[in-house]
Each structure stands twice: as structure tokens, then as C-alpha cells.
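Remarks on the structure that follows.
The values are calculated or read from the model by the stated rules, or taken from the named source; none is laboratory data. Since the model is a prediction, treat every value here as computed from it, not as a measurement. Heads up, the Cβs are rebuilt from the backbone with ideal geometry, glycines too, and the neighbour counts pull from every protein chain shown.
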Amino acid sequence: MPSEMLDLERLALDYVAPCLRDLGFCYLDNFLGQPAGERVLERVQQMHRAGELQDGQLQAGQRQGIAKRHLRGDQIKWIAGTEEGCEAIRLLLSLLDRLVMCCGSRLGKYYVKERSKAMVACYPGNGTGYVRHVDNPNGDGRCITCIYYLNKNWDSKLHGGILRIFPEGKSYVADVEPIFDRLLFFWSDRRNPHEVQPSYATRYAMTVWYFDAEERAEAKKKFRNLVDTAKTEGVLHED
């Protein structure tokens, strides 16, 4: 573990939180260091070779009627990090958690106390990507998207695969190359539409989403109400 990574609080307060506040996104290079990063990559490659990754699903209402692979071409697997052989992934997730928690009240209105499982993703290098989209367009609770990249010797001129962010209300775009041991943060809501440009080499990443407690609770409440309404209507229409 690089010595500079031990001071996660300083990193959170001096860099991550201010960049999120002022720009809406930021990234860190050499986050885990090469030995630990390589162990994460090896485990992800094992999952891929073993056929454990499944086609990613589109969000409801996302451009229906167009072949799915033209919209989203990744293969994914959700993991907790507690699975056998995932010690390096567990280390990565624990560092991410500590880094985000250290941001604390500097995340503005957000109060973060939980996150999703990790989504391991692979674009197989056949020219697929992911069209421009917003992670959380409808208030599902996700406030911070965090992506860890795992691609050694990546050359975007040859391999493509850039993540392009279109910051809301700005005259510029932000292009992030998916290079090995790079960690990217951005707000998950409509402030940051983004796309994964077509990839022409195998492209690995791992994503987690951090939840705002209040918005997440409200989203769960709405979902429960929808389920209850559907059940009630089902009973009323049975006869």
C-alpha cells in the first residue's frame, strides 16, 4: 500500500470533495498500487474466463426497439467482495468506503451511509460501448458513481473505450481513459450524462454506487407503494 494512500482523510478533504463540489467529477491515478491492482485484475479475468459475466441490462424505458447491443455491450457480475478469492477486491471496496465516508458533510446535501454491491464489467473489445445515459435520472438514491479501471497498456487512440462525461450546463466534455489503477468519481444524477465509447480491446472496470440515505429511503417507499397498489389491483380484478 503506497504511503500516500494511508492518509485517505486528507485525500478526501483536499481533493475528492472539492472536485465533486466544483466540477462534479474527479479521478485518482495509482490508487491501489500495482501489486494490489494486479490481484484485482487477475480475479476479474478469472471471472471472465469462467463465463461468470452476463449481458448488462438496460434501464426501463431506455430506447426500446433498438437492438440492445447497440446501446449497451458490456457483460457484468455483481459481487459483494466477501466471496472466496476476492480479498484484493474487498481491500479496494474498504478503501473506497473509507474515502467516501471521510468526505462526510462536504458532500453538500448528501448523507451517505451505504452503497451497492460492486458491478464487475467487461466490454469484450468488439466495438461495443454504452450510449449516453444518466445513472440515476429518477431519484433512486444513488448519488456518487465510483469506477475503478483495470486496463494495462491502454491506448485510447487504438482501443477506444473512453468514458465521456457531458457535464450539465457546461460548454466542455470530460474524457476519461480507462487506464489501470485509475479511480473515477462523479455525481450519479442528471448533472453527469455520460457514455462509454466503442471499445476495440477487452476493457475491464468495477463500479459501485453510493446512496444518499434520505433519497434511498424515499425511493424504497415509492417502490413499496407501487407493489402494494399492484397487489390491490390484482385482487380487485381477480373476479
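Could you please find all residues in segment 188-205 being in contact with a helix residue (DSSP H, G or I) (Cβ under 7 Å, 6 or more places away or on another chain) and among the hydrophobic types (A, V, I, L, M, F, W, C)? Talk me through it step by step, then tell me what you get.
In the first step, residues of segment 188-205 are kept if they are in contact with a helix residue (DSSP H, G or I) (Cβ under 7 Å, 6 or more places away or on another chain); the result is 199-201, 204.
Once the filter is applied, which keeps residues that are in contact with a helix residue (DSSP H, G or I) (Cβ under 7 Å, 6 or more places away or on another chain) and among the hydrophobic types (A, V, I, L, M, F, W, C), segment 188-205 yields only Ala201.
Contact list please: Cβ distance under 6 Å, first residue in segment 9-33 and within 20 Å of His194 (Cβ to Cβ), second residue part of a helix (DSSP H, G or I) and acidic (Asp, Glu), pairs at least six apart or on different chains.
Taking only residues 6 or more apart or on different chains, not a single pair turns up.
Please go through segment 47-71 and pick out each residue that is in a helix (DSSP H, G or I), surrounded by 12 or more Cβ atoms within 10 Å (Cβ to Cβ) and modelled with pLDDT of 60 or more.
Let us first name the residues in segment 47-71 that are in a helix (DSSP H, G or I), namely 47-49, 68-70.
From what's left, surrounded by 12 or more Cβ atoms within 10 Å (Cβ to Cβ): 47-48, 68-69.
If the condition is that a residue be in a helix (DSSP H, G or I), surrounded by 12 or more Cβ atoms within 10 Å (Cβ to Cβ) and modelled with pLDDT of 60 or more, then Met47, His48, Lys68 are the ones that fit.
In the list Leu150, Leu107, Leu163, which residue meets the criterion of being at pLDDT below 95 and crowded, with 20+ Cβ neighbours inside 10 Å? It would help to see each step written out before you state the result.
On the way: Leu150 fails: at pLDDT below 95; Leu163 fails: at pLDDT below 95.
Matching residue, one of Leu150, Leu107, Leu163: Leu107.
Whether any residue in segment 78-90 is on the phi < 0 side of the Ramachandran plot, out of contact with any helix residue (DSSP H, G or I) (no Cβ under 8 Å at 6 or more places or on another chain) and surrounded by 20 or more Cβ atoms within 10 Å (Cβ to Cβ) is what I want to check.
no
Which residues, taken from segment 99-146, are hydroxyl-bearing (Ser, Thr, Tyr) and either out of contact with any strand residue (DSSP E or B) (no Cβ under 7 Å at 6 or more places or on another chain) or not in a strand (DSSP E or B) (or both)? Steps first, answer last, please.
Start the filter on segment 99-146 by keeping residues that are hydroxyl-bearing (Ser, Thr, Tyr), which leaves 105, 110-111, 116, 123, 128, 130, 145.
Ser105, Tyr110, Tyr111, Ser116, Thr128, listed by residue number.
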